[in-house]
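The values are calculated or read from the model by the stated rules, or taken from the named source; none is laboratory data. Owing to the predicted nature of the structure, the values given are computational and were not obtained by experimental measurement. Using ideal geometry, Cβ is built from the backbone for each residue, glycine included, and neighbour counts are taken over all protein chains shown. The protein model used for the area step is the full one, side chains on, heavy atoms only, and it has no ligands, DNA or RNA in it. Shrake-Rupley method; radii C 1.70, N 1.55, O 1.52, S 1.80 Å.
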Amino acid sequence: MAVGTSSVNAQEQSKPYSIGPTIEFSGGGTSFGIKGRISNPGVPVSVRPIVLFGYTPSVSGATFSQAVSNGSGTLSGFASLTTEQKRAQVKLIFDIALTDQQADDVAKRLSAALATAPARRTTEQNFYIAKAQDSVQRYDLENFKTLTPAQQKAQVKLFAPANTTDVQIDAATAALKQAVETPAANRTPAQNQTIANARLSLNNADLSVFSSLTPTQQRETAQIFSRTPLTELEADAFANQLTSALNTSVAIRTPAQNAIITTANQSVAYAANTGAVGFTPGSGVAYGAAITYDFESADKKLMGYFGPRILFASGSSKVGNFDTSTTETSIGALIGADYAISGDFTAGLNATYNFSKSGTLSVSGPGGFSGSAPVSGNSSFDIGVSFGYRF
């Protein structure tokens, strides 16, 4: 019996290859893939290739913001674009539909700006207020009927005169709701006047009541008014003004032209910083290999190994109006063990300490917009579970 067992173990270890499924847990999430082993009998060195699906590179929101800012190139190439490209890029940085997380961030910044005395507001705070007011003034009141009752009431409260009572707000909400839900051709003079009064309130909005709304109302309000895209005429008008300003020598630019350029640069920064909130680079495929030194237990059932590993990964995602593409190279040290659960199958556990991560995040958008920034991730610790078929 002892001779027979020794023969079986020797036969098991003569199988130099294995392949099977693997699961890897990392800071970016859980990846599933295929892991293998290639070796020569009698040589305690193996090559262990691996392919992972659903792998998420390690990229921060700050890197996304930098890539968008780099792509704008301080607007140096804007004036040379075609009319269609200019229009597309203006809408790219102005038309930003906010997610819940982004809307919360914008709402906090807007509340802080409104709470600051006008003389002490920063350039960024003035921009947030101006952008909000512009979105409010361009808001299509026909969309009022698509809101929930709570959202409708919050919106009316936001633009109601000071000291308006809840009863008056409820009455104004009901009247405006009825007016916008009536087909335009069938509206009474009173209903048209209700809509005209609401439009006047929007045009004269100072947003002073915004800070008194609940956090939920603030988020919803920020989202509602962020869904007011520029028309093509508005985008073209801004593009023409910006082109004229950029083509004018710095020494003779008018205050209005400087303001246009400042607004454009601030809009790029807004798009970059807003998209960075809750940013994820998107998952993709990772592939690589480790070269390990192997050692076995006396009964040949357990094989331990350690050695360097390199992993190449890519991922893509959609962030607002931008498409992102990420490449990443991870270099680390792998250690693990495989246990022979039968003559043909093994189960294993391994860990990788990634001490170096580098790559590139690229962003692109309509109108030929493109930008990139280097990726330099922090060290990470990954855990893997695998099963293998030996042959």
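In table form, for the structure just shown:
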| item | result |
| --- | --- |
| Share of alpha-carbon pairs per 5 Å distance bin for segment 228-277, given as whole % | 5, 20, 21, 22, 17, 10, 4, 1 |
| In order through segment 229-235: 3J(HN,Hα) via Karplus (6.51 cos²θ - 1.76 cosθ + 1.60), integer Hz, x for Gly, Pro | x, 5, 6, 4, 5, 5, 5 |
| Protein accessible area in segment 199-344, 1.4 Å probe - carbon and sulfur % | 60 percent |
| Separation of alpha-carbon centers, segment 41-109 and segment 287-353, rounded to whole Å | 27 Å |
| HN-Hα J in Hz across segment 157-174 - Karplus 6.51, -1.76, 1.60, θ = phi - 60°, x for Gly and Pro | 4, 4, 10, 6, x, 4, 6, 6, 7, 4, 5, 5, 5, 4, 5, 5, 5, 4 |
| By accessible area with a 1.4 Å probe, ligands and nucleic acids excluded, highest first: order of TYR17, TYR287 | TYR287, TYR17 |
| Placed amide H near LEU213: partners under 5 Å, 5+ positions off or other chain | none |
| Longest to shortest principal axis, alpha-carbon extents of segment 240-391, angstrom | 85, 24, 23 |
| Under 5 Å, built H, 5+ apart or other chain: amide partners of VAL375 | GLY359, THR360, LEU361 |
| Accessible area per residue in Å² at 1.4 Å probe, computed on segment 30-92 | 44 Å² |
| Modelled label reach - ASN126, point 7 Å along Cα→Cβ, segment 232-271 residues with backbone N closer than 17 Å | 254-270 |
| Principal-axis tilt of helix 255-276 within the chain, Cα atoms, nearest 10 degrees | 40 degrees |
| Counted charge near THR165, where neighbours are those whose Cβ lies closer than 15 Å (Asp, Glu -1; Lys, Arg +1) | 0 |
| Approximate spin-label separation ALA298-ASN265, in nm, with each point projected 7 Å along Cα-to-Cβ | 7.5 nm |
| Max mean-square fluctuation residue, GNM over the chain, Cα-Cα springs under 10 Å, options VAL180, VAL90, VAL250 | VAL250 |
| Rounded percent of accessible protein surface that carbon and sulfur make up, segment 82-139, 1.4 Å probe | 49 percent |
| Nitroxide proxy distance, nm - points 7 Å out along Cα→Cβ at THR83 and SER201 | 4.0 nm |
| Solvent accessible area, Å² - ASP206, 1.4 Å probe, full protein context | 90 Å² |
| Projected area, mean over directions - the chain, Cα convex hull, nm² | 28.0 nm² |
| Integer Hz, Karplus 6.51/-1.76/1.60 couplings in order for segment 123-128, x for Gly and Pro | 4, 5, 5, 4, 5, 4 |
| Summed side-chain charge close to GLY282 - residues other than GLY282 whose Cβ falls under 14 Å, Lys, Arg +1, Asp, Glu -1 | -1 |
| Overall dimensions of segment 82-230 by Cα: Rg and Dmax, Å | 16.2, 53 |
| Within the chain, helix-based [θ] at 222 nm, where runs of 4 or more DSSP H residues each add -39,500 (n - 2.57), nearest 500 | -13000 deg cm²/dmol |
